1. DSSP loop trypsin sites (Lys or Arg not before Pro) in region 297-388 with at most 11 other Cβ atoms within 10 Å of their Cβ, which ones?
2. Greater than 18 Å separation of Cα atoms is the criterion. Which listed pairs, Lys322/Lys412; Lys110/Lys193; Lys261/Lys324, meet it?
3. Which value in Å is the Kirkwood Rh of region 153-266 over different Cα pairs?
4. What is the calculated FRET efficiency for Glu114 to Val36, with r their C-beta to C-beta distance and R₀ = 25 Å, to the nearest 0.05?
5. Which entries of Lys328/Lys390; Lys156/Lys390; Lys328/Lys377 have Cα-Cα distances beyond 28 Å here?
6. Could you tell me whether region 142-214 comes out rounded, prolate or oblate from its Cα gyration tensor? Rule is a ≥ b ≥ c as square roots of the eigenvalues, rounded for a/c under 1.5, then prolate if a/b exceeds b/c, otherwise oblate.
7. Scan around Leu190 for amide H atoms under 5 Å from its own, H built in the peptide plane at 1.01 Å from N, and keep only partners 5 or more places away or cross-chain.
8. So which GluC sites (Glu not before Pro) in region 106-165 are both in a DSSP loop and have at most 11 other Cβ atoms within 10 Å of their Cβ?
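The values are calculated or read from the model by the stated rules, or taken from the named source; none is laboratory data. Predicted model, so just to flag it, every value in this text is computed and none were measured. Cβ placement follows ideal geometry from the backbone for every residue including glycine, while neighbour counts extend to all protein chains displayed. Side chains included, ligands, DNA and RNA excluded: accessible areas come from the protein's heavy atoms. Shrake-Rupley method; radii C 1.70, N 1.55, O 1.52, S 1.80 Å.
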Amino acid sequence: MDGLEEESGLKPPRNHCFHTVGEADKPALSFVTPEVPDENNFDELVKTSRGFPSLASSATQGDASNTLAKYEYGVPLQTPDSFLRFPSPLTSSLCIDENPAAFLVNQAVKCTREIDLERCEEIEALSMASYSSPEILRVPNSRTKVPVTVQSIVVKSLNHTVSWLKDTHLALQPAFVSAGNFNICTNAVLQVKYSLTYTNAGEVTEAGLSLVLGTVSSGAVPIQQMFEIHFIQQNTRPVPLSGNPGYVVGLPLVAGFQPQKGSGIIQTTNRYGQFTILHSTTEQDCLALEGIRTPVLFGYDMQSGCQLRVASAVPCQLTAQKVKSLLKGQGFPDYVAPFGNSQVQDVLDWVPVHVLSHSFSMKDSCQVPVALVIEVKWTKYGSLVNPQAKIVNVTANLFFSSFPEADTGSEKILLISTGVTFVDVSAPAEAGFRARPTINARLPFNFFFPFV
């Protein structure tokens, strides 16, 4: 610092702070009196403030998307002139058409719209062209455009009957029809559903549109519109469920195992191989069927078995291990999902598989498992009108028996079997009666005067 003072001849101020007030700083020295909106300046204030707060935040996100090479979560989907509009209710139930559709944000909304029925042909929100004509940019600021393809058109009449149009290339426009005192508007858009396909790189590759057009009468004004948008990742398949939420009879049980405490449930990708039993054939040879299993299907009681030929020289302990692996199969589950759509991360909701051992005889020192019987207890969950099947307990009973003597001198034959039983433990519905109401009436002190 001393060298700087010698070269420049200037001494910096010590323990002092100076600030010059300029023209730009004057508004910061006082509060600006806000302008109160009224019926005369409301429209002007809406334009200057860019609408409602959610629109302002969307505009900020839109400015940020101008510098992106790919779409990110929450970024508005761009079109050549603006963004893809997704009408939504904001501060009220009325539809706001300036709401942008955001990337990877699935939405399903309902809103009402005030319309002049006689001028329905001029209202863009009722025309299917306003939803099918926009082209989405593949990535922000891209020259590649993704057209919106109309996948289905359903026409709804005044008596609520629906018909599906095979030709999706028709450009149906709203039309006002007047017959005496009866006025209607046909081909008005009632439901809009976007289905967008995207890649891992944040690119939009396809855009599908499903529409429901209907006839609106003067008695149905204002009308209610439904809008939905969802995103599907490219080259992915939907995960099949065994119920939603309750199990469906005939579908496989959802099961898995927990490798360590605190982790989630791990499942095999083969939904028919998550919980299995032995597979029976005419040969009844266990070794020939090793690896071939029968899935446990909800609501189906099953029984299967086979024969295992063991050389007399094979020790009992080794035979017991082999038979136990045949009965349980590879990857015997630790947990079973209570519902058909249970999530693997909700470990505390899953039902543990209790393994119980039963022995017919305790005289011999070596016991060999000969049967595995799985008991699944389930109950009807929810309302009586639409009950859902819920699994509440799973028990795997492993039965042991004495090691048999050699039948032919050189080998022993073991008969092993597996079975599954489903037990309905639902409590019967009981009619409930409310207690009779008690009357707690207080009369005036002179109510019976002059008799008392």
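1. Answer by residue number: Lys363.
2. Flagged as over cut-off: Lys261/Lys324.
3. It works out to 18.7 Å.
4. 0.45
5. Beyond 28 Å: Lys156/Lys390.
6. prolate
7. Val212, Leu213, Gly214
8. Passing sites in region 106-165 are Glu114.
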